[in-house]
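One structure is given here, and the rest of the page talks about it.
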């Protein structure tokens, strides 16, 4: 219990700003874990899609779609839909529009919560700076009220307590900023994979149509 009391006292030293930063830290950590799990397989399946497109050209859509059954990435799901009987029953324009809509849905889902991480990374240092400024104001007010009776130790204690919030803000912001950028880069790769997979399929589809018309 003494250890918990020390932690509570330490957090209380920084005031409500520290408590807010603790909440943001827990939220940031939770979002990072969620997004890592969500995007774990987002860039996989490149060889699978290439094999599927080749099978589409040689063996038809049904065989190609079966290859994608084991796919786990957004690009795999979009390509599997493009090769499905449901999509092939649509006109070319409608099919391409529906593929684009589903692709945008996948991209939107992958980007979910990343903006919150970016906001946490942006405001945490500002909150830390605000806490430091408020703490410094309080320290100098106490020094003024002491009318010169305060010693350097008292003033130094007030200053380190004020600076505590700046350090806490940076500790929250740095992991959130790094995670947001790395996860955003992964989303960009997954987005490219969707676009590349769809482009390969449409090219193969056009080639198959041209051959059938001859």
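No lab work stands behind these numbers, since they all come straight from the coordinates. All values reported here derive from a predicted model rather than from experimental measurement. Heads up, the Cβs are rebuilt from the backbone with ideal geometry, glycines too, and the neighbour counts pull from every protein chain shown.
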P(r) of the range 44-119 over all Cα-Cα pairs, 5 Å bins starting at 0, rounded to whole percent, reads 3, 16, 22, 21, 18, 8, 5, 4, 2, 0
Going from the fewest other Cβ atoms within 10 Å to the most, one would list 194, 36 as 36, 194
Percent relative contact order for the range 17-213, counting Cα pairs under 8 Å at least six residues apart, stands at 33 percent
Under the 7 Å Cα-to-Cβ spin-label approximation, residue 70 and residue 23 lie apart by a distance in nanometres of 4.8 nm
FRET efficiency (residue 90, residue 174; Cβ distance; R0 45 Å; to 0.05) is 0.40
Going from the fewest other Cβ atoms within 10 Å to the most, one would list 159, 34 as 34, 159
With no solvent term and unit scatterers on the alpha-carbon positions of the range 75-115, Debye gives log₁₀ I(q)/I(0) at q = 0.18, 0.34, 0.35 Å⁻¹ of -0.51, -1.14, -1.17
With 0.36 nm assigned to each residue of separation and the Cα-Cα distance removed, residue 33 to residue 136 gains 33.5 nm
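Averaged across orientations, what area in nm² does the convex hull of the alpha carbons in the range 17-213 project?
Values: hull surface 54.4 nm².
So the Cα hull casts an average projection of 13.6 nm².
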Counted neighbours (other Cβ, 10 Å), sorted fewest up, put 127, 171 in the order 171, 127
